[in-house]
Amino acid sequence: MNEAIPVSRVTDHGTAKLMPDVDRERAWLLTVDGAPQSYVDLDEPAHLEFEYTRRLGHVLDTVAEPGRPLDVLHLGGGAFTLPRYVAATRPGSRQDVVEADRGLLDLVAEHLPLPPGAGVTPHGADARAWLEAAPADSADVLVADVFGGSRVPAHLTSVGYVREAARVLRADGVYVANLADGAPFGFLRGQLAGFALFFEELALIAEPGVLRGRRFGNAVLVAAHRPLDTAALARRTAADAFPARVEHGPALREFTGDARPVRDEEAVPSPEPPAGAFGIG
């Protein structure tokens, strides 16, 4: 059998590299400009390697009874890790994946093709523009994992964006996003304040060290109009190799404090990570 070799290509938004995992036969790491973006095991699509991806997976597992097909809108494609996961764990789901980097879509389609009948439709488009054109009440879950390099773009951080996300989700739908911040959490607190305008229930999943301000890291934001199964989420995230905590209710309101929602005209990208926070050698 031919040994897998790395692939490097300049795409619309940077230099994308696909690197084979020496320990797993058909597994690949995608980086863009050196920042890890996705990990995919073509033989085991339910395997989630990155900790933040596992936390997103825990949310997807608990939004509905196991195996129930869902209509899922993914903003940010990468190598389609989570769309593959949903297709494997919830067969029959209908999924749209919006990725602004068309060159990256071509690279992934060529080297990491989706299995036939996966029910996943890719779209080369800006996430906010696609969201604004999407039908109301059309998604059970909206997954946002959009990074320009290592930062969430400004136009995906404002109240206008949150309003569109709330419009597209069904009444019992769930929004889940991968974000990143560090103390004093100005970005994260502003995001929570904005989502509180449109969603009754909020939760935040992150490692205790991140929540205590000891280091910069990922935080998964969850929003819904209905009660979230925070007990199930807490059990699953606590059992991970790198345990995380689920903040909600009064503790999360205290964390948000007096932060103000972010208007479109004042929106800025998420903070630049410290050197080495997410990069690889």
Q. Only one of these conditions is not met by ALA27: (1) free of Cβ contacts under 8 Å to residues at least 60 places away in the same chain; (2) surrounded by fewer than 19 Cβ atoms within 10 Å (Cβ to Cβ); (3) farther than 20 Å from ALA144 by Cα. Which number is it?
A. (2)
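Hydrophobic (A, V, I, L, M, F, W, C) and closer than 22 Å to LEU233 by Cβ, is that true of VAL59?
Working: hydrophobic (A, V, I, L, M, F, W, C): yes; closer than 22 Å to LEU233 by Cβ: yes.
Yes; evaluated as a whole, the condition is true for this residue.
So, in region 63-93, of the ones that are of a type in the set (A, V, I, L, M, F, W, C) and assigned to a strand (DSSP E or B), which residue ends up surrounded by the fewest Cβ atoms within 10 Å (Cβ to Cβ)? Reasoning before the result, please.
As a first pass, look at region 63-93 and keep what is of a type in the set (A, V, I, L, M, F, W, C): 63-64, 70, 72-73, 75, 79-80, 82, 86-88.
Filter once more, so that each one left must be assigned to a strand (DSSP E or B): 72-73, 75.
Details: VAL72: 26, LEU73: 26, LEU75: 24.
For region 63-93, the residue satisfying everything is LEU75.
Which residues, counting only those in region 94-112, are assigned to a loop (DSSP other than H, G, I, E, B) and open to solvent by 10 Å² or more (accessible area, probe 1.4 Å)?
Applying the first criterion (assigned to a loop (DSSP other than H, G, I, E, B)) to region 94-112 yields 100-101, 112.
If the condition is that a residue be assigned to a loop (DSSP other than H, G, I, E, B) and open to solvent by 10 Å² or more (accessible area, probe 1.4 Å), then ALA100 is the only one that fits.
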Q) Within the bounds of region 221-240, is there any residue that is touching a Ser or Thr at 6+ places or on another chain (Cβ under 9 Å), open to solvent by 60 Å² or more (accessible area, probe 1.4 Å) and not hydroxyl-bearing (Ser, Thr, Tyr)? A) yes
Q: Show the residue pairs that are 6+ apart or on different chains and have beta-carbon atoms under 7 Å apart, the first residue being within region 254-280 and under 15 Å from PHE187 (Cα atoms) and open to solvent by 80 Å² or more (accessible area, probe 1.4 Å), the second being among the basic types (Lys, Arg) and modelled with pLDDT under 95.
A: GLU272/ARG151
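Output the number of residues of region 177-196 satisfying the condition of being open to solvent by 20 Å² or more (accessible area, probe 1.4 Å) and either acidic (Asp, Glu) or out of contact with any Pro (no Cβ under 6 Å at 6 or more places or on another chain) (or both). It would help to see each step written out before you state the result.
Applying the first criterion (open to solvent by 20 Å² or more (accessible area, probe 1.4 Å)) to region 177-196 yields 183-184, 186-187, 189, 196.
Pick out the ones that are also either acidic (Asp, Glu) or out of contact with any Pro (no Cβ under 6 Å at 6 or more places or on another chain) (or both) and you get 183-184, 186, 189, 196.
Selection size over region 177-196: 5.
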Q. Taking the stated definitions as given, is ARG128 open to solvent by less than 40 Å² (accessible area, probe 1.4 Å), modelled with pLDDT of 95 or more and part of a helix (DSSP H, G or I)?
A. yes
Q) When the residues of region 35-50 are filtered to those that are out of contact with any Gly (no Cβ under 9 Å at 6 or more places or on another chain) and not in a strand (DSSP E or B), which remaining residue is surrounded by the most Cβ atoms within 10 Å (Cβ to Cβ)? A) PRO45
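The values are calculated or read from the model by the stated rules, or taken from the named source; none is laboratory data. Owing to the predicted nature of the structure, the values given are computational and were not obtained by experimental measurement. Glycine gets a Cβ as well: all are built from the backbone with ideal geometry, and neighbour counts include every protein chain shown. What goes into the accessible areas is simple: the full protein's heavy atoms, side chains included, and nothing from ligands, DNA or RNA. Shrake-Rupley method; radii C 1.70, N 1.55, O 1.52, S 1.80 Å.
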